[in-house]
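Visitor: Please see the structure below; I have some questions.
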Amino acid sequence: MASSEIETAVQPTGPNQATNSSDMQDTSSVESTVLYEDKYLLVTPKGITIHRYYFPFFSDKFVPWDKVEYVKTAQELGVKWYEIKEWGMAIGDIWWNCGWRLIKNPFSDGWGLNNMEYINRTNIVIKVKDSTTRPGSYVENPDMAMTEIKKIMQQHHSHIE
């Protein structure tokens, strides 16, 4: 192995970078113009960043708009109770970020279970081109987030209503 190959092989990657150079995406400038942001989701003209996505380090997942087929609420998709999980994948193909999805936030709402109407209204699912797993995210203000997402989707996908 040549010296340059060794250096390349041991270069550290940050939590937002893939280890395969063909999959690497620079997320340092992703936050250029913020269209929507909460603790779980960031929407910019460049793409969607899902916070608290990867287990167990809470690192982010960035999806550029040209890789997005659709973004819909769990309600629009008819997501069932067995497809929901606090973090990770339940039964189905949705990988959820870490959020107060099933259990009420004990720091603000007290302990208890959220109902499916609330869960489906406050979570979004992203279909990524050429991926069998759909990222899902809790959203603090789903109406505002989806308004901004729909505007961007119309710009990037002119066939969307």
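The values are calculated or read from the model by the stated rules, or taken from the named source; none is laboratory data. Computed from a predicted model, the values in this text were never measured in an experiment. Surface accessibility is based on the protein's heavy atoms, side chains included, excluding ligands, DNA and RNA. Shrake-Rupley method; radii C 1.70, N 1.55, O 1.52, S 1.80 Å.
Visitor: Sort 121, 134, 52, 101 from largest to smallest accessible area, using a 1.4 Å probe on the heavy atoms of the protein chains.
Guide: Of 121, 134, 52, 101, the descending order of accessible area is 121, 52, 134, 101.
Visitor: Using the structure shown, select from 39/80; 80/150; 46/72; 39/72; 39/129 the pairs with a Cα to Cα distance greater than 22 angstrom.
Guide: Exceeds cut-off: 39/80; 80/150; 39/129.
Visitor: Follow-up. Sort 153, 144, 116 by accessible area with a 1.4 Å probe, largest first.
Guide: 144, 116, 153
Visitor: Assuming 0.36 nm per residue, please report the length gained on full extension of the stretch residue 133 to residue 157 beyond their Cα-Cα distance.
Guide: In short, 6.5 nm is gained.
Visitor: How much length is gained on full extension from residue 89 to residue 67, taking 0.36 nm per residue of separation minus their Cα-Cα distance?
Guide: Result: 5.8 nm gained on full extension.
Visitor: Taking θ = phi - 60°, what integer Hz values does the Karplus form 6.51 cos²θ - 1.76 cosθ + 1.60 yield along the range 76-88, in sequence order, with x for Gly and Pro?
Guide: 4, 8, x, 4, 8, 4, 7, 9, 9, 8, 4, 7, x
Visitor: Explain nothing, just compute: Karplus ³J(HN,Hα) = 6.51 cos²θ - 1.76 cosθ + 1.60, θ = phi - 60°, for every residue of the range 63-69 in order, whole Hz, x for Gly and Pro.
Guide: For the range 63-69, the Karplus-derived couplings read 10, x, 4, 6, 9, 8, 8 Hz, x marking Gly and Pro.
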